[in-house]
Amino acid sequence: MENCDTARRRSTTGPLHGHGPELDDLWQYEVRLWHDRLLWDVSGAFAALRRIVGRGGLPGKAVRVHDRTVGYTYYGIDGHLG
């Protein structure tokens, strides 16, 4: 098992828009997790994320360890704030 320092050196981050297909496995896992734990159907939200990421319209980062995307973060601003 790798220690945290070794894993950190083997992890990379990159723009979210370049990881769309790789995120599918992670998103499918999350959809199942939300459904199994809370009985929520979040598949529509993840379908929207796929479309937005596919056109490069969502700012964020994806984290890869070795050849696997293991996490992501993004942000959005919705409408007028103020």
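See the values below:
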item	result
Rounded tilt (10° steps) of 20-38 against the dominant C-alpha axis of the chain	70
Cα gyration tensor shape for the chain, rounded if a/c is under 1.5, else prolate or oblate	oblate
Exposed-site-free run, longest, the chain (rule: trypsin sites (Lys or Arg not before Pro); DSSP loop; at most 14 other C-beta within 10 Å)	11-54
Relative exposure of Thr73, Thr13, judged by other C-beta atoms within 10 Å (fewest first)	Thr73, Thr13
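Taken together, the values in this text are just the output of simple stated rules run on the coordinates, not laboratory data. Treat the numbers as computed from the prediction; the structure is a model and nothing was measured. Here Cβ is always computed from backbone atoms with ideal geometry, including for glycine, and neighbour counts include all displayed protein chains.
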